[in-house]
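Report on one structure; see the data block that follows.
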Amino acid sequence: MIAVPHRPPPAIRYRAYGLILSCTGPIQELAQTPPPETAAETDLHIVFAQPGAAIPVPLPSDWYLTISLADGTPWMRCAKVTPGYLLCFPDLASFVFDISNHSLHCIPQEHIPPHTLHHLLLDQVLPLVLNYEGKEALHGAAVVTPYGACAFVGVTGAGKSTLAASFLSAGYAVLTDDCVVLESRGGTLVAIPAYPSLRLWDDAIAALFGTTGSCAPVAHYTPKQRFAATLATSYAASAVPLAGIYVLGTGDSTPPISPTVAEISPMIERDALMTLLSLAFKLDICDQHRLTQELDCLRQIVTQVPVRRLTVPDSLVALPAVHDIILQDLARSC
């Protein structure tokens, strides 16, 4: 049994990924929402522990999932505990997801700054919680086009955020940066907005936005910046019907060779299904019931929405031409 502090009354409310969050402390990356008429309108209670607080979080005897960095260093470990799940980022923070009362306890190490804890919460942990709650969450970014939402999915480093940012610089609204949440509403697949920000490298920010917008550090361990545009219309505030999904990358195991022009190629439904399955956030990889549900959801997605492979030149100046080929492809699909 994990001992965590008793959940105090919610103090601050936010919205992210379609969820209403009530928090015991501020999250500067999010905008506050009005108080609810009833407490039932809260989807997830978030409790922040003080850095270095003596909160007993026992080391489980069995981690059912360990995700490591390229050098083999463990990045995230997951274990089942009473009353839910423990997600541990070694030397950074631990998160206890209590499934009995929909609460999430955030327990940082003593030296961890708040923005790093918020990044882990918003961009790593919440997508996994969404998966547990039955939402389909894919590693990807999404923008709003005249034809509907356009999602770019792929592995880390594929260029999803940069491509979305380039659409933003061209006047298109962004829905989400690194987690695309999809939902069926009345038989129509829609993409859910996350929260206003993009995580970008300095060269992409300078090339795409110059001196406009504002930046803040993502986390203390990365030079990436969290970019926020100045226009109120830069980020979508409501769900948008999904028009297409583009998988970034070549899809084979050979070293990637950057093409000179953007290329779009079709994917058969089976390949599209398996690719999206590999790019989905999964909290409990041992839960066969939830995996079956996810497969059914992904089958619905690949049969209702075009899924194509997209290869993009490794050049920021080529991005306007990439926009053109994507928009032309979406127009043909409508």
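Tabulated results
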read-out	value
Shape category assigned to the stretch 124-164 from the gyration tensor of Cα positions, a/c cut at 1.5	oblate
Estimated translational D of the stretch 41-121 in µm²/s (Stokes, Kirkwood radius over Cα pairs; 4 °C; 1.567 mPa s)	97
Cα gyration tensor shape of the chain, rounded if a/c is under 1.5, else prolate or oblate by comparing a/b with b/c	prolate
Cα→Cβ-extended label distance, 7 Å offset, between Q300 and L69, nm	3.9
Under 22 Å from the Cα of K80 - lysines, other chains or at least 8 residues apart	K135, K282
Whole-number accessible area per residue in Å² for the stretch 177-238, which is evaluated in the context of all protein chains at 1.4 Å	47
Over 22 Å [Cα-Cα, the stretch 68-170], rounded percent	44
With Cα atoms, 0 to 90° folded angle of helix 269-278 axis to the chain main axis	40
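The values are calculated or read from the model by the stated rules, or taken from the named source; none is laboratory data. Small disclaimer: the values here were computed from a predicted structure and weren't measured. Quick reminder, even Gly has a Cβ in these numbers, built from the backbone with ideal geometry, and neighbours come from all protein chains shown. For the accessible areas, the whole protein counts, side chains as well, though only heavy atoms, and no ligand, DNA or RNA atoms are used. Shrake-Rupley method; radii C 1.70, N 1.55, O 1.52, S 1.80 Å.
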